[in-house]
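Structure, as structure tokens:
The values are calculated or read from the model by the stated rules, or taken from the named source; none is laboratory data. Note that the coordinates shown come from a computational prediction; the quantities given were computed from them, not determined experimentally. So basically every Cβ, Gly included, is an ideal-geometry build from the backbone, and we count neighbours across all protein chains shown.
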Amino acid sequence: MGDVVRGGGSSGWLDAIGAPVSRRAALAAGLALAATPAVGSADDEPPALRDLAAAKGLRFGNAVNPRTIVGARGRLVTAECNILVAENEFKFGTVRPDERTFSLAPADRVARFADGRGIPLRGHNLFWNQPDYVPAWLTERNLGPRPRIALEDLLVQHVRVMARRYPRVVSWDVINETVVPETGAMRDTVATRLLGDRVLDLTFAAARQAMPRAELVYNDYMNWEPGNDPHRSGVLRVLEGMRKRGVPCDALGLQSHLAVPDGPPGSAFGGRQSTWRRFLKEVNDLGYRLLVTELDVDDRKAPSETARRDEMVAETTRAYLDVTLDNPTVRDVLCWGLDDGVSWLQGFLPRPDGRPQRGCPYDALLRPKPMRAAIAAAIRAAPARA
Ligand code: XIL
């Protein structure tokens, strides 16, 4: 991408309501365009995020699912991304609806999409150690006279099946969200009750053995917002413990489900930059790399007015990415949905005013928003990776 196309008059592409549409969105929408490269002109199409990222030794990506890899959305994802992850299709709960079944058709569809386009794929996740997401059949299952061993076998077998089926996954979230945000303690699940920290040890060890070349990640949502201190401390304890026990974990996944802050614009991030920078450094000092795995912005604290909201979402994104991308161990940035029309935020964190959340880089009509420009600007400002 990065080429420039003109059409629809000198002001660029116009959509049905008269707003300028990027070539990328126009392509995504299936509009026929006449290619007339004109590098350097005023209506230059901004380069694709994947190209901006690649120029810095980074990858830009997104979470997709079988419904968002088709049609216009599929084309947009292909144009913008050089890494992908499946939103739900690789999760233990999806793959294992019951004790005997491996339901892999949806994951296969996502893997085929990525493979077919030569786009690297992340795996998310091998085990989500969060009570809400451990399937009931496992929690309630009678694991027999030797429950620990039965559970270990089940986890190891799961890892091996996934590794064999998806050998091209470059990076796996091995364990997701094992820390209680409010206290920093390990979450109470059937796995933690039976195995304690060994749930981490054996799942990571099985993953390393089954896919020695894949990056292995612990993924969590300890954020930079105030109130996240116990969560960050708990994650640091988990990472430190794994290091001491020789657990083969390579990186911490920063989910990065951000929220627009309270308070006046500009001043809102004061203090957080240094807290966050310090946290990232502590993670590095324990010997882990970092990656941004699930970026989006909850805009419930922003006013209803669309333009102001978009501005606040963009400011939040820029402030966060500036600090995070300044850390040279961060090489991947993935959004959790490229457009508001498919964002999980709509269902999980609905706005009190009933309007849709606007926490993704594109709106539901696939028009780029200030958040996309903020991501592009942060990537441009980031130091190049060696
Ligand atoms: C979310 C999905 O987006 C939803 O569709 C699903 O119903 C619940 O999970 N942290 C994670 C992701 O690690 O797997 C979550 O994805 C969002 C929060």
Filtered residues of the stretch 351-386 (kept if more than 17 Å from the chain's Cα centre (by Cα) and within 16 Å of GLU305 (Cα to Cα)): ARG351, PRO352, ASP353, GLY354, ARG355, PRO356, GLN357, ASP363, LYS369, PRO370
Per-region count, the stretch 74-116, residues in contact (Cβ under 8 Å) with a residue 24 or more places away in the chain and outside any helix (DSSP H, G or I): 16
Count - residues of the stretch 349-358 that are within 15 Å of the ligand (Cβ to nearest atom) and surrounded by fewer than 22 Cβ atoms within 10 Å (Cβ to Cβ): 2
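Based on what the data block shows, is GLY30 surrounded by fewer than 22 Cβ atoms within 10 Å (Cβ to Cβ), at pLDDT below 90 and either away from the ligand (no atom under 16 Å from the Cβ) or on the phi < 0 side of the Ramachandran plot (or both)?
Values: surrounded by fewer than 22 Cβ atoms within 10 Å (Cβ to Cβ): yes; at pLDDT below 90: yes; either away from the ligand (no atom under 16 Å from the Cβ) or on the phi < 0 side of the Ramachandran plot (or both): yes.
Spelling it out, GLY30 is indeed surrounded by fewer than 22 Cβ atoms within 10 Å (Cβ to Cβ), at pLDDT below 90 and either away from the ligand (no atom under 16 Å from the Cβ) or on the phi < 0 side of the Ramachandran plot (or both).
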Number of the exception - GLY196 against (1) within 26 Å of GLU140 (Cβ to Cβ); (2) in contact (Cβ under 8 Å) with a residue 40 or more places away in the chain: (2)
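I need the full set of residues from the stretch 49-87 which are under 17 Å from GLY253 (Cα atoms) and β-branched (Val, Ile, Thr), in order please.
Kept after step one, since they are under 17 Å from GLY253 (Cα atoms), are these residues of the stretch 49-87: 58-63, 83-87.
Of everything in the stretch 49-87, those that are under 17 Å from GLY253 (Cα atoms) and β-branched (Val, Ile, Thr) turn out to be ILE83, VAL85.
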Which listed residue, of LEU321, LEU291, is closer than 30 Å to GLU240 by Cβ and either at pLDDT below 95 or buried (at least 24 other Cβ atoms within 10 Å of the Cβ) (or both): LEU291
Which listed residue is charged (D, E, K, R) and in contact with a Gly (Cβ under 6 Å, 6 or more places away or on another chain), from ASP173, ASP153: ASP173
